Amino acid sequence: MSVATAEARALAAQVQPDRPQPELTERIAACRCGEGVRAGLYLLNGDWERAHAVAQSMGGPLGAHWHALVHRHEPDYANAKYWLRRAGQSPIHASLAEAARAAGKDALVAPGGTWDALRFTDCYADPAQSGWTRPLDALELRALLEHCLAAGL
């Protein structure tokens with residue numbers, strides 16, 4: 001494992017979405033990691049503005065996916081869905097579809113067995129659904145971050 005990956009993994013272990021830690025901001029900024037990892041670390045640390053700036057500068061499907069997740073947390077659900085459409089299918093969608101099935105949320109699995117990110121965003125927007133959407137959202141954030149860490153993105 002490279003020093004940069006080890007550094008990013010150490011930061012990933014420290015961030016807690018429900019408890020932002022402003023003291024990690026400088027460490028995330030200085031991390032020798034890819035922009036996908038940086039966007040995820042900022043978002044998981046509750047730093048919406050920095051996560052947004054990084055995701056917006058990235059471009060491509062990965063940047064669009066992070067951009068969507070940032071807007072889901074803002075919350076700006078219409079904008080999140082716009083960016084999800086731009087992102088298209090993600091390598092983590094198969095695991096999210098499995099998790100949805102395991103949670104008894106088959107409606108989130110689109111025809112063909114893929115994750116329905118747009119439908120999930122609609123459910124996430126409904127506060128009455130938060131008991132099951134928040135854990136799936138956390139899984140998505142961590143899965144996308146892990147994908148970026150593994151791929152050096």
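Looking only at residues of the stretch 35-58 that are surrounded by fewer than 21 Cβ atoms within 10 Å (Cβ to Cβ) and of a type in the set (Asp, Glu), we find that the one that is modelled with the lowest pLDDT is Glu49. From the list Ala80, Ala55, the lone residue that is touching a Ser or Thr at 6+ places or on another chain (Cβ under 9 Å) and small (Gly, Ala, Ser) is Ala80. Please verify whether the stretch 120-138 includes one or more residues that are within 23 Å of Cys31 (Cα to Cα), at pLDDT below 95 and within 15 Å of the chain's Cα centre (by Cα). Yes, the stretch 120-138 contains a residue that is within 23 Å of Cys31 (Cα to Cα), at pLDDT below 95 and within 15 Å of the chain's Cα centre (by Cα).
Here are Leu149, Leu139, Leu84: which of them is out of contact with any Leu (no Cβ under 9 Å at 6 or more places or on another chain), within 18 Å of Gly40 (Cα to Cα) and of a type outside the set (Ser, Thr, Tyr)?
Leu149
The values are calculated or read from the model by the stated rules, or taken from the named source; none is laboratory data. Predicted, not measured: the structure shown is a model, and the values here were computed from it. Heads up, the Cβs are rebuilt from the backbone with ideal geometry, glycines too, and the neighbour counts pull from every protein chain shown.
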